[in-house]
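Undergrad: Before anything else, here's the structure in question.
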Amino acid sequence: MTSQPSRSRKRNGFYVALAVPGVLWLLLLFVVPFYAVLAIAMGKLDQLFESPVAVWNPLEWSSSNVINVSRDLVGSAAFAGPIVVRTLIYVAIASFLCLVIGYPAAYFVARFAGRRKGLFLVLLVAPFWISYMMRMLAWVDLLQTDGYANKALSWLGISPVNWLGGKPVTVILGLVYGYIPYMILVLYAGLDRIDPALIEAGRDLGLSRMRTFRSITLPLSRQVILTGLLITVLPMLGDYYTNQLMSGAASTSMIGNLIQGQLGTPGLEGQGAVLSLLLLLVLLIPMIYYVITTNRSAQAAS
């Protein structure tokens, strides 16, 4: 007869075996690359070849790259500070537009699509199965001087607009178009789980459709809204390709463009690594907030 301690050891060993592939994956694809970036950020510069020298020993780390980046971000000669502010503004507007556009679409599919939910989801998401680059290039064709957008404006008697000439609205709309599928799918998944009986109870108590939405549906979907915003905001903050294709002007550059430029410039790779790590630290703030609010919601529900 097998003793209880041996059964417990076998069970623990089974769970450890299940966790090994995930741990190895995390070590190889996150921890090791992260430490490599950190070693370059806190490393030195080969003055002869203007190439970064990774310093793996923490006791030999240098803070020169951190000091240079801090001067670029804050101070009289700072040029990166306005880029960071611009990025935050672009991301805030784009994520808000994603929510405003995506919530009604997800609400309609979850509440009124019936047996055609799958069809509507496919119709909403199918265009985004095409690669991001191809979709952005399609937007470039639409917004060119002789593109369909300006042709439609000419039919209305409006002179052509140079959409690709460094306009912030073009970059923001490109971000919305690129990341709104994530918002719609997350919102749909949350709205579809709301018990219809709760909504019917509100209607039975005499609430109008609008009051039922404000009093029942919206409060129950707050956590889902937070999740959708988190999933769209995080990649938007590091995006550089949208601005590169839709504008390419320095007046609309984002923090991702700055990091890309520094990583591709001899002698500035270390500063680009520092900016990458700073961006990661900034991204950790909403992630930690999300985990805390999710745990509080779970505790309140239990």
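Undergrad: Return the only residue of 102, 43, 81, 75 being at positive phi and open to solvent by less than 80 Å² (accessible area, probe 1.4 Å).
TA: 75
Undergrad: Could you say whether any residue in the stretch 183-194 is closer than 23 Å to residue 112 by Cα and modelled with pLDDT under 85?
TA: Yes, because at least one residue in the stretch 183-194 is closer than 23 Å to residue 112 by Cα and modelled with pLDDT under 85.
Undergrad: I would also like to ask the following. Looking at (1) within 24 Å of residue 186 (Cα to Cα); (2) small (Gly, Ala, Ser); (3) at pLDDT below 85, find the lone condition where residue 238 falls short.
TA: (3)
Undergrad: Any residue in the stretch 17-29 that's modelled with pLDDT of 85 or more: show its pairings with residues that are surrounded by 10 or more Cβ atoms within 10 Å (Cβ to Cβ) at Cβ separation under 8 Å, as long as the two are six or more apart or on different chains.
TA: From the stretch 17-29, no pairs qualify.
Undergrad: Considering only residues of the stretch 263-280 that are in a loop (DSSP other than H, G, I, E, B) and free of Cβ contacts under 8 Å to residues at least 40 places away in the same chain, which is surrounded by the most Cβ atoms within 10 Å (Cβ to Cβ)?
TA: Per the criteria, the residue is 268.
Undergrad: Return only the number of the condition from (1) modelled with pLDDT of 85 or more; (2) surrounded by fewer than 17 Cβ atoms within 10 Å (Cβ to Cβ) that residue 171 does not satisfy.
TA: Going through the list (1) modelled with pLDDT of 85 or more; (2) surrounded by fewer than 17 Cβ atoms within 10 Å (Cβ to Cβ), residue 171 breaks only (2).
Undergrad: Pull out all pairs, ordered by first then second residue, where Cβ-Cβ is under 8 Å, the residues are six or more apart or on different chains, the first lies in the stretch 73-96 and is small (Gly, Ala, Ser), and the second is outside any helix (DSSP H, G or I) and loosely packed, with under 15 Cβ neighbours inside 10 Å.
TA: Cβ pairs passing all conditions: 81/74.
Undergrad: How many residues does the stretch 234-262 contain that are closer than 25 Å to residue 164 by Cβ and in a helix (DSSP H, G or I)?
TA: Adding up the residues that qualify gives 20.
Undergrad: Given 212, 217, 170, 232, which one is more than 28 Å from residue 86 (Cα to Cα), in contact (Cβ under 8 Å) with a residue 60 or more places away in the chain and β-branched (Val, Ile, Thr)?
TA: 217
Undergrad: What is the number of the single condition among (1) buried (at least 17 other Cβ atoms within 10 Å of the Cβ); (2) more than 26 Å from residue 129 (Cα to Cα) that residue 184 does not meet?
TA: (2)
Undergrad: For residue 286, all conditions in the list (1) open to solvent by 30 Å² or more (accessible area, probe 1.4 Å); (2) assigned to a loop (DSSP other than H, G, I, E, B) hold save one; what is the number of the exception?
TA: (2)
Undergrad: Scanning the stretch 243-280 for residues that are hydroxyl-bearing (Ser, Thr, Tyr) and at pLDDT below 90, which turns out farthest from residue 144 (Cα to Cα)?
TA: In this case the residue turns out to be 265.
Undergrad: Continuing with this model, one more query. I'm told residue 163 meets every condition in (1) surrounded by 13 or more Cβ atoms within 10 Å (Cβ to Cβ); (2) outside any helix (DSSP H, G or I); (3) over 25 Å from the mean Cα position of the chain (by Cα) except one. Can you identify the failing condition by its number?
TA: (3)
The values are calculated or read from the model by the stated rules, or taken from the named source; none is laboratory data. The structure presented is a predicted model; accordingly, all values stated were derived computationally and were not measured. A quick note on method: Cβ atoms are made from the backbone with ideal geometry, for glycine too, and the neighbour counts reach across all protein chains shown. Surface accessibility is based on the protein's heavy atoms, side chains included, excluding ligands, DNA and RNA. Shrake-Rupley method; radii C 1.70, N 1.55, O 1.52, S 1.80 Å.
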